[in-house]
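The values are calculated or read from the model by the stated rules, or taken from the named source; none is laboratory data. Values in this document were obtained by computation on a predicted structure and should not be read as measured data. Note that we place each Cβ from the backbone using ideal geometry, even for glycine, and neighbour counts take in every protein chain shown.
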Amino acid sequence: MTDSNLWHWQEVLKAVGGDESTHGPNLTGISIDSRTLQQGDLFVPISNQLPPPYSGSGGGRDGHDFLADVIEQGGGAALVSKRIAANLPMIMVQDTFQALWQLAGYARNRISKDSLVVAITGSSGKTTLRAWLEAVLSDQFQTHASVDSYNNHLGVPLSLARMPADSQRGVFEIGSNHPGEIGPLVKLVKPDIAVVVNVLPVHIGHFQSLQQLSEEKLSIADGLQADGLLILHEDLAAPAGVESIGFGFGDRAQVKINSIEHLPDQRCHLIIQVLGRRVAVDLPVTGRHWALTASACLAAVSQAGGDLDQAAETLSQISVPQGRGNSEIIAGVNVIDDSYNANLTSILQAISGLESQNGGRRIAILGEMLELGEQSVLSHQTTLNACQGFDRVITVGNQFRDCQTDIGQDHYQQAQAIDIERLANWLRPGDTVLVKGSNAVFWSSGFVSRLKAVLA
């Protein structure tokens with residue numbers, strides 16, 4: 001029978017170097033946010049004073065200030081670095097941030113030696129690949145994975161610390177906005193398989209060049225286990241001495257997309273050669289970028305001991321994480337929600353998808369792309385140049401304001417300035433609306449949800 005406890009009290013003490021003579025409850029989860037804490041969780045309050053190189057990224061409040069909320073919500077215990085009088089079992093540590101990383105390292109080391117861990121990075125599409133690979137492996141193994149976009153110095157150790165001891169497969173996403181961020185995280189995860197989805201001029205503002213960004217993404221190989229494998233897009237070259245396989249459309253790919261056929265109802269049929277084996281996949285989404293995600297997924301499954309036929313069956317029913325190109329018809333209007341994030345490659349892919357829509361009018365609502373550095377002006381101009389032939393283009397944000405174009409777009413500084421009622425009344429059955437932009441433009445304000453609500 002599976003143990004319902006994620007952490008036993010003595011395990012926590014061993015992991016963080018606590019006083020092993022103390023007694024406390026076993027814990028069913030780990031939380032660093034009192035707002036989402038579940039009953040029985042171990043609460044790890046993160047200070048607003050994080051150590052270098054994470055200084056300034058701890059948020060404006062000290063998590064210790066919310067212990068009263070933790071007690072009210074039924075928290076099981078807390079790791080603390082301050083002596084606070086509260087009716088809650090506590091473990092004293094010198095630094096709670098460091099303690100979270102210690103819990104993560106202990107969780108990684110306690111799973112079976114026969115278990116396998118996959119780490120995923122890239123400029124675009126890593127969250128979708130993580131979700132797809134989790135779905136496929138969960139059908140075949142006891143699988144644990146990170147959630148949402150938990151891919152930074154807090155999200156990665158938190159996800160690892162939540163991994164049950166009986167996990168057979170682990171899937172973790174690792175991101176980076178600055179040089180040197182991936183290295184410590186991947187050495188914590190210690191993957192058996194690492195995947196680099198792509199390297200694009202995204203979040204490049206803190207990098208001197210695309211080459212430096214590429215080196216950062218490929219540094220995920222530094223944390224591979226001794227017999228580990230790197231899976232990467234065929235256009236990338238593995239670091240010297242690292243065993244690797246590539247995926248893509250070209251002849252250099254060992255996992256090669258041989259054909260892609262677009263089917264009705266937003267589906268596509270793929271034939272993928274996985275290390276010489278032919279696998280047919282019917283995806284419930286269409287587009288070259290989804291085909292690449294599927295090929296990367298099958299590459300990882302093949303190396304993680306999974307059954308490829310079963311994986312193809314799972315992929316035929318796969319869902320796309322919210323805001324990554326989900327399509328829904330409301331009152332006859334096809335609304336494509338691609339509002340979670342944007343870069344030049346993904347926005348051009350989304351525009352290409354809108355171009356392929358047949359029937360009614362095609363409307364693009366585009367938000368500015370952030371963290372592009374010197375590439376920003378050219379990227380936004382290129383985006384608008386690709387919008388010729390659409391029935392209406394609406395742009396949002398400073399980066400689009402000064403672009404030179406003759407497509408006659410409506411421009412707004414913020415998404416909140418768009419009159420959604422008026423827009424919804426203008427739309428008619430058969431129209432297709434694409435909403436695409438960086439997270440802060442549409443996603444954080446719930447723009448698509450509000451548009452759908454008015455349409456309905």
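When you look at Ala119, is it modelled with pLDDT of 95 or more, under 20 Å from the mean Cα position of the chain (by Cα), outside the structural domain of Asp222 (by TED's automatic domain parsing) and not in a loop (DSSP other than H, G, I, E, B), yes or no? If you could, list the steps in order and put the result at the bottom.
Working: modelled with pLDDT of 95 or more: yes; under 20 Å from the mean Cα position of the chain (by Cα): yes; outside the structural domain of Asp222 (by TED's automatic domain parsing): no; not in a loop (DSSP other than H, G, I, E, B): yes.
When the stated conditions are applied, Ala119 does not pass them.
Within the stretch 389-429, how many residues are at negative phi and of a type in the set (Gly, Ala, Ser)?
Narrowing the stretch 389-429 to residues at negative phi: 390-396, 398-407, 409-429.
Okay, now just the ones that are also of a type in the set (Gly, Ala, Ser), so 415, 417, 424.
The total comes to 3.
For the stretch 322-334, a tally of residues being in a loop (DSSP other than H, G, I, E, B) and surrounded by fewer than 17 Cβ atoms within 10 Å (Cβ to Cβ) returns 3.
Do we find that Val118 is among the β-branched types (Val, Ile, Thr) and farther than 30 Å from Asn341 by Cβ in this structure? In short, no. May I ask you to list the residues in the stretch 285-321 that are part of a loop (DSSP other than H, G, I, E, B), of a type in the set (Val, Ile, Thr) and over 24 Å from Arg362 (Cβ atoms)? Selection gives Ile318 alone. For the stretch 236-259, the criterion of being in contact with a helix residue (DSSP H, G or I) (Cβ under 8 Å, 6 or more places away or on another chain), of a type in the set (D, E, K, R) and in the same structural domain as Leu185 (by TED's automatic domain parsing) is satisfied by at least one residue.
The number of residues in the stretch 364-383 being of a type in the set (D, E, K, R) and modelled with pLDDT of 80 or more comes to 1.
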